[in-house]
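Below: one structure, written as structure tokens.
The values are calculated or read from the model by the stated rules, or taken from the named source; none is laboratory data. Source: prediction; values computed, not measured. Methodologically, a virtual Cβ is constructed for each residue, glycine included, from the backbone with ideal geometry; neighbour enumeration extends over all protein chains shown.
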Amino acid sequence: MRFFKRLDPINADLSVLLDKSIFQEGEPLTGKLVLNSDEAVHADEIRLEIRVSETYQAPTYSTIGNRVQQTVERQAKELYADDVDLSGPLDISKGYKGEFPFTTNVIPPIRPTMGGLIDRKIKGVIAVKGRPDKTKDIGFSVSPAPYGQVTMQGPSQVVVKEIVKVPCRYCRTLIPMGTDRCPNCSATLKG
């Protein structure tokens, strides 16, 4: 093997194909990773890397002398990360064509901060020891769940309160036991 070949990823075509163009919140991502190799190698693993990140504008404050100056900086943070193993060690021959179907866990609902932008990516990875990974990444979209599919959780505890009512001795209207006056005829009930 030439020395410079170790600086390049394997010679192969890699594609990530999703079953749908837009997934709904709460729905697992499904698709397949397609590999067409033009080189014989031993792959340590084949995996998917799922990343969801957000970029947003955030104010920052700095003190210059006795003045406080506000500036707005672009910041990024990772909101979700998951690696999905599709295959363990695998001997790939020259001309190998393979498909690796996948179904991932449900990605939790993610709402952007005010003015933020959510970026969702799936990266297919062929890892070969001693060489850079062969990768292919694509973006994917997630739409909010329709209102009809949102499930509401009922109360976790129900309190039952029993109210005993007795008839007023003057007008016979049912009133809660322990009341001082009848709400119907205003008769005094205790005394």
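Checking each residue in the stretch 74-107 for being touching a residue at least 40 places away in the same chain (Cβ under 8 Å), exposed (fewer than 13 other Cβ atoms within 10 Å of the Cβ) and under 17 Å from the mean Cα position of the chain (by Cα) picks out 103, 105, 106.
You will find that of 31, 26, 65, 115, the residue that is at pLDDT below 90, surrounded by 14 or more Cβ atoms within 10 Å (Cβ to Cβ) and small (Gly, Ala, Ser) is 26 and no other. Yes or no: residue 124 farther than 26 Å from residue 9 by Cα, surrounded by 12 or more Cβ atoms within 10 Å (Cβ to Cβ) and touching a strand residue (DSSP E or B) at 6+ places or on another chain (Cβ under 6 Å)? No, not satisfied.
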